[in-house]
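Note sheet for the following structure.
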Amino acid sequence: MVSKLFHALLVALIATLPTAGQSVTVTSSNLLNQREGFGRDTFGGLNGTLYVVSDKRDYDTTKNEPVIPNTLRYVLEEIEGPRWIVFSPSLFNQSLTDGRIIARFNLKRRLRITDGDVTIDGRAGQDSQGRPRVVALTRQYNWSNHVVTENGQSCDVKKNANGEPLEHDSGILEIANTSNVIISHLIFRQYRSGSPSQPVLYQSCFGDQISVFNNYPKDENDKENPTLLSHLNSYDAIWINRSQFYICGDECIGITRPSANRNAYISITGNEFYQSSKSILIGANSLYWINNANHFDTDWRLYITVSGNHFYRGHLRMPRFNSGYFHFYNNLFEAWGDRAIDPREFTRSFIEQNLFRTWLSGGGIEYQSIDTDFQNDDDEFAWADRNHYNGTAVNRDADFPNVPTSNYPYYYDEDALGEMIDFYSLSWSVARSTFSQITGWVSEPNDVYAPLSS
C-alpha cells in the first residue's frame, strides 16, 4: 500500500509537473521493458517532452469550440514533436465497484494521432488507500441517431434534412499515416443509450476503439493509390499494451490499409477484450484491392505479434487477418461465439501455446478455435502447434502442418525455478491460472515522474 507520506509527496510533485510552457525530457522508462514481438523496437515518446494531462474536459473544434490546454486532446492534436503523456493523480476521483479509482475521459469525437513519436502512458499506480488508478477513454452514443441495416446485421448513422450525418467521428482513437506510437494501460469503452429498432449483430456505426490506417493519395484518375504513399507518411512501430477493451462498437482494434512502401512492425500484448462482437481486424487490404494490380504492392507489409491477451465472451475476429506475417502465442480465449483466430489470404502465421476454452455444455455448436475454412485462399499458410483446448473447443492443431522445430519459434513461460512450462500438458485449472497471470491487468507505478524529484 502506498504510504500517506509518499502520497503527499507525490501530490506536491505533481503540482510541479510540466505543462505546455515547461519542458522535462523523458530519457528512460521501465515500461519499455515490457516490449516484445515484432513491435519491440517501438520507443514512442522516449527522449521527448513529458506532458501531464490535468484536465478531463474535451472540446470539438468542428463545432467552433475553443481548445482547452492541458487536456488529452490538446496534447495529442495541438502539440507536435516527441511527447510522453501521463495523467495527474488529481483526475482520479470516481470509485468503481471492483475497488479501482478511475479518471474517465468522455470524448466528444475520436482522438487523432497524426504526428508520431508519442506515448500515452496510463500507468498511475495506487492512491493513498491502495486503490489502483485507471484511465478510461469513453464515448457515448444514442440509438436515436442511428438506423438498423441489413436486417439486423449492421447499422448506420442517420442523416438530417441536408444529408449530413447526425454524428461525426465515431470510434475513440485513430492513428493515421504516422509511426512510433505506444498505447499502454488504458481502458476503452463505448456506451449506448436508448434502444435500436431490432437487435444488431455488428454495430459498425460506432466505429473502432483504436483504428490504425493509412490514407492513400489519389492518382490522376482520382483513385486511391497506395504506391503513391510516402515511406515517411506511413504507419509503423505501433505497440498496444496492457489495455482493456469493453463492448467494442465495430472492431476493438482495426489495423488496415498498409503502405506499399514501408513494412509495419506492430505488437498487441497483454490486453483484455470483453464482450465484443469483433475484436481485432488486421490487413483487409487484399480484398479491397482484389481487382486492382496495386494490391500486390501492399501484401506482406504487416509484421504483427499478438501475445498474452485475454479474449472473453467475444464473437469473432480474435483476430481476423491477412496481408502479412503474424505470430500468436500465450493468448487466452474464453467463450467465443464463432471463429476465434481467423487466417485469410496472403499470410504466414504461427499459432502456438494458446489456451482455448468454451463454456457450452451438452454439445451443440462446434466452436471454431482456429478457422480452417479459408485454407484455399491465395497464398495463405498457417502453422498451429501445442495449443491447449478445453470444453467444446475444437482442436485444430492437426489441421495445420507443423514446421521443423529448428525453424519454429516456441514461446513457453518459465516457472519459479526457471523451468519452461509446457501449457499443453497442464490440467485446465493450472493452465488457466498460469494464463491469467500472463493476461491479467495490474496497476503499476509510473517511473517517468522520477526525473522531476531530483
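The values are calculated or read from the model by the stated rules, or taken from the named source; none is laboratory data. Bear in mind the structure is a predicted one, so any value in this text is a computation, not a measurement. No Cβ is skipped: glycine too gets one built from the backbone with ideal geometry, and neighbour counts run over all protein chains shown. Just the protein is used for accessible areas: all its heavy atoms, side chains included, with ligands, DNA and RNA removed. Shrake-Rupley method; radii C 1.70, N 1.55, O 1.52, S 1.80 Å.
Below are the figures for this structure:
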quantity: Per-region count, segment 189-222, residues in contact (Cβ under 8 Å) with a residue 12 or more places away in the chain and in a loop (DSSP other than H, G, I, E, B); calculated: 17
quantity: Pick from segment 112-135, criterion modelled with pLDDT of 95 or more and of a type in the set (S, T, Y), ranking: most open to solvent (accessible area, probe 1.4 Å); calculated: T114
quantity: Neighbours by Cβ (under 9 Å, 6+ apart or cross-chain): first from segment 327-352, farther than 20 Å from F435 by Cβ and among the polar types (S, T, N, Q); second part of a loop (DSSP other than H, G, I, E, B) and at pLDDT 90 or above; calculated: none
quantity: Evaluation of M318 against (1) modelled with pLDDT under 90; (2) crowded, with 23+ Cβ neighbours inside 10 Å (one fails), failing number; calculated: (1)
quantity: Subset tally (residues that are in a loop (DSSP other than H, G, I, E, B), farther than 24 Å from F206 by Cα, open to solvent by 30 Å² or more (accessible area, probe 1.4 Å) and not aliphatic (A, V, I, L, M)) for segment 55-98; calculated: 9
quantity: Within segment 241-270, tally of residues that are touching a helix residue (DSSP H, G or I) at 6+ places or on another chain (Cβ under 8 Å) and of a type in the set (S, T, N, Q); calculated: 6
quantity: Pair list, Cβ < 9 Å and 6+ apart or interchain, from segment 95-115 residues that are in contact (Cβ under 8 Å) with a residue 12 or more places away in the chain and hydroxyl-bearing (S, T, Y) to residues that are open to solvent by less than 60 Å² (accessible area, probe 1.4 Å) and in a strand (DSSP E or B); calculated: S95/I101; S95/I102; T114/E174; T114/I175; T114/A176
quantity: Number of the condition not met by R357 [criteria: (1) touching a strand residue (DSSP E or B) at 6+ places or on another chain (Cβ under 7 Å); (2) modelled with pLDDT of 90 or more; (3) farther than 27 Å from F206 by Cβ]; calculated: (2)
quantity: Residue list for segment 99-111, filter: open to solvent by 20 Å² or more (accessible area, probe 1.4 Å) and farther than 13 Å from L137 by Cα; calculated: G99, R100
quantity: Lone qualifier among V134, V181 - being more than 20 Å from I255 (Cβ to Cβ) and not in a loop (DSSP other than H, G, I, E, B); calculated: V134
quantity: Test: P445 is assigned to a loop (DSSP other than H, G, I, E, B), modelled with pLDDT of 85 or more and under 26 Å from the mean Cα position of the chain (by Cα); calculated: yes
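Yes or no, residue by residue, for (1) surrounded by 13 or more Cβ atoms within 10 Å (Cβ to Cβ); (2) part of a helix (DSSP H, G or I); (3) modelled with pLDDT of 80 or more; (4) in contact with a Phe, Trp or Tyr (Cβ under 7 Å, 6 or more places away or on another chain):
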site	(1), (2), (3), (4)
D378	yes, no, no, yes
N395	yes, no, yes, yes
Y411	yes, no, no, yes
P451	yes, yes, no, no
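Residue-wise test of (1) hydroxyl-bearing (S, T, Y); (2) out of contact with any Cys (no Cβ under 9 Å at 6 or more places or on another chain); (3) free of Cβ contacts under 8 Å to residues at least 60 places away in the same chain; (4) farther than 17 Å from S193 by Cβ.
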{"site": "T138", "(1), (2), (3), (4)": "yes, yes, yes, no"}
{"site": "N142", "(1), (2), (3), (4)": "no, yes, yes, no"}
{"site": "N151", "(1), (2), (3), (4)": "no, yes, yes, yes"}
{"site": "S154", "(1), (2), (3), (4)": "yes, no, yes, yes"}
{"site": "N162", "(1), (2), (3), (4)": "no, yes, yes, yes"}
{"site": "S170", "(1), (2), (3), (4)": "yes, no, no, no"}
